[in-house]
Every structure is written in structure tokens, then in C-alpha cells.
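The values are calculated or read from the model by the stated rules, or taken from the named source; none is laboratory data. Source: prediction; values computed, not measured. We place every Cβ from the backbone using ideal geometry, glycine too, and count neighbours over all the protein chains shown. Please note that ligands, DNA and RNA were not included when accessible areas were found on the heavy atoms of the full protein model with its side chains. Shrake-Rupley method; radii C 1.70, N 1.55, O 1.52, S 1.80 Å.
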Amino acid sequence: MKANLAPISTSSTRSSSSPWEPASFDYHPLTRLVFGPGTLSRLGELVRELGGTRVLLVTDPGLEAAGHPLRAHASLRDSGAEVFLFDAVEENPTTVHVEKGLAVARKNHVDFIVAVGGGSSMDCAKGINFLFTNGGGMSKYEGFGKATKPMLPSIGIPATAGTGSEAQSYALIADEHTHMKMACGDRKAAFRVAILDPEVTVSQPSAVTAITGIDALAHALESYVCTKRNALSQAFARESWRLLEPSLETALREPGNLDARSAMQLGAHFAGIAIENSMLGACHACANPLTAHYGLTHGIAIGILLPHVLRFNAPAVGSLYGELAHEAGLLNGNLGVACESLARRITDLLVVSRLPTNLESCGVSEGILPVLAEEATQQWTGKFNPRPLTEDDFVHLYEAAL
């Protein structure tokens, strides 16, 4: 992993002309990573190692045909654990989904939680854990560190290469009434183990590969330049970009290519670590209101907005974008076009993925843009964008994407 850092001076004072001024960070890895083809079969062994006997298995019905929940169930059963299934998770889980899963957990007195699926299953599992162990509703935990009691041990098994939720201590749960997402974080909510089995992602439809892959790329790009970036988060974000950028096309063209699938899973996970140790930016702030008002799939909204956010940020972090553009072989030594080369690369990937490239094609009308912009200013991720945004700036971003 290339850090590309200049030597640190031993002087007690910092020169204002120093090429690298290290930002402070507190790295506290919480999740053991088990990676490799076939590692899903180790689930029962790992749960037993952590003392689990009564396991809530959280997943979504869309995975049933692929058989992954059944494989997870079989591994748990073979380890001697009792398994209680909650498979009613839907995309962008709300407080209602968490409450339904909580009812299953309480009824069966579980002592362990396993999530198999995309980011929605991961988030819902964390949400259930908050309420099962600490009580109350999800709004009680919005922010960070609000859980006062221990939480159940848990394992996350991503079936997509996208959110990196298995590497994070936050649950993103939408309020059922307002549809606005709440970020509920606590170190105790992090999965004890993340199992990355690239074989699990082979069966997903190409559209899912594309949508989740674009989201993961955005995680790498935004966390690399956000105001909370630091040496460690940037190292993970850069390696994430290096793995994801060339592998998405290969995974779409050759769905059974385990090398590409492996790179996608590791890249998404590394981006998740980068987010956990820094933050995101304006692209995610723009995407959430689109999902709330139009039901637009998160990754599609992200992909449409990302090129325009890159261009907006260029005056503030053009040199950082240049590093990533160079990593992808998109530059011939001209840093002045780094941002534009990245923006065009993302648009090209959208075209290759057969995803929309503008909001108008998704049914978004110009009249709602001020409403979307007002809501985007309230999103927590936008506050960490490297170039500050006003409400008018958000309107202009939406206009550019229309």
C-alpha cells in the first residue's frame, strides 16, 4: 500500500511550507477480517469461538435464490447453534424494519447476531443490536457513543462489494415518517468479525454489481479528500481506489472472475475502513434526499452526482485528485486536468454499467431542486466536504446533474 508521504522533520516546530502536515487520528480497529473464497463455511466456527449459541440471522429475501443464507444457516447449525431467521430487510431500512427484527430477537432470547447481505442487512442488524441491548428507539442513538450498555457480538458477511458497512461502527437507519437517514454509531456496534467471501458476490445481478461498485468508488474518492482525512484513512482510500477502479469493468464483463470479485470486495472493505477513520462529503449529502423523495437507488444517485461534485471540489483538492488520477493511469503529467479525467472516468463507468448519467432520466424535475438542496445542507456528510457548500451550491450541483 503506497502512502506517498514526505519525511517527517525531527524539529519541534512545523514549517508552514512543509509538504505534509499530518492530521491527528485515533485508529482503533474493532473488526477481525477473514478473507478468501469459501470462507463463509467458517461462520459456525467463528460464532462458536465468540460464544454464540442462539443466533439471529439477518438477511433479505432477495438472497434466498442464491442460497447464501442457507449456507450460513447450515454452518451455524453444524456448529451446534440455534438459528432464528429474520429475512424481511428491504433496501434503505427504516425504523420499522429494525422493530420487526427486534421482535424476533426478543422472542427467541438471542445472544449473537449474524448479518448476510448488502449494506441494508448490515445496518438493520446493527440497529437491532442497539435496541435489543440498550432499549429505546433508533433516534436515541443518532450521533456517536450513545449506547451505555454492552452489545451482542456480531458477524457481518457482505454479499455485495459496495457499502463497506461491515467495516464500520455506524448503522444508517431512515426514520419511517420523515425518510431522513439517521447515523447511529458506537464502537460496541461494530462487527467482531467480517467474513469477505468473494464467491458470495458471484451470483448477484450485474446491475447490483454496478450500483454497489459505483458507491464503493465514491467512498474511496470522498474519504480521500474530506476534511477529516488523515494519513491512515488516505492509505486505505487510495488502496481501495487502486483495487476498485480497474476491477469493476472486469467483474461486469466476467461475473465469475474471482480475482476481480476479490479486488472489489477488498476495495469496498478498505473504503469502509477509510470512512470509519475519516468521513464522506457532498456527493452523499446530495444522494440521500433523492432516495427519500424519489426512491432512487442510493448507488445510482451517487453515480450521477459524483462527477459534478468532483468538479466542484477541484479548486480545493485538485492535487489530491491528481494522485488518484495518476494511480489509475489517467494522467500524462498534467495535474490541471486531473479532476476532469476522474469525472469522465466515473461517467464512462456509468455508461459501461448501463446506469443513468443524469437526474432527468430518473424522473427528477427542476422544480424540486430547492427542496432537495435544503435537505442536502442538513446531511451530516456534507459538512466534511473539502470545499464548503451553501444551499445555492447544492442547487447548482443538482442543476448540473439534471
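A few notes on this one:
- When region 367-389 is limited to residues that are under 22 Å from the mean Cα position of the chain (by Cα) and outside any helix (DSSP H, G or I), the one that is surrounded by the fewest Cβ atoms within 10 Å (Cβ to Cβ) turns out to be Gln378.
- Residue under evaluation Asp259, criteria (1) within 19 Å of Thr381 (Cα to Cα); (2) of a type outside the set (Phe, Trp, Tyr); (3) open to solvent by 20 Å² or more (accessible area, probe 1.4 Å); (4) part of a helix (DSSP H, G or I), criterion not met: (1)
- Residues that are aliphatic (A, V, I, L, M) and out of contact with any Lys or Arg (no Cβ under 6 Å at 6 or more places or on another chain) within region 131-167 comprise Leu131, Met138, Leu152, Ile155, Ile157, Ala159, Ala161, Ala167, listed in sequence order.
- If you filter region 91-111 down to residues that are closer than 18 Å to Ser165 by Cβ and out of contact with any Ser or Thr (no Cβ under 7 Å at 6 or more places or on another chain), you find that the one that is surrounded by the most Cβ atoms within 10 Å (Cβ to Cβ) is Val98.
- First in region 112-130 and at positive phi, second anywhere and crowded, with 24+ Cβ neighbours inside 10 Å and hydroxyl-bearing (Ser, Thr, Tyr), Cβ under 7 Å, 6 or more apart: Gly117/Thr59
- So Gly38, is it at pLDDT 95 or above and open to solvent by less than 70 Å² (accessible area, probe 1.4 Å): no
Quick grid of which residues meet (1) open to solvent by 10 Å² or more (accessible area, probe 1.4 Å); (2) in contact with a strand residue (DSSP E or B) (Cβ under 7 Å, 6 or more places away or on another chain); (3) at pLDDT below 95:
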| position | (1), (2), (3) |
| --- | --- |
| Gly162 | no, no, yes |
| His179 | yes, no, yes |
| Lys188 | yes, no, no |
| Ile195 | no, yes, no |
| Thr201 | no, no, yes |
| Gly213 | no, no, no |
| Ala218 | no, no, no |
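- Test: residue in region 226-247 that is open to solvent by 20 Å² or more (accessible area, probe 1.4 Å), touching a Lys or Arg at 6+ places or on another chain (Cβ under 7 Å), part of a loop (DSSP other than H, G, I, E, B) and in contact (Cβ under 8 Å) with a residue 60 or more places away in the chain: no
- Of the helices (runs of 4 or more DSSP H) entirely within region 268-366, those holding at least 2 residues that are at pLDDT 95 or above, open to solvent by 10 Å² or more (accessible area, probe 1.4 Å) and under 26 Å from Thr390 (Cβ atoms) occupy 298-327.
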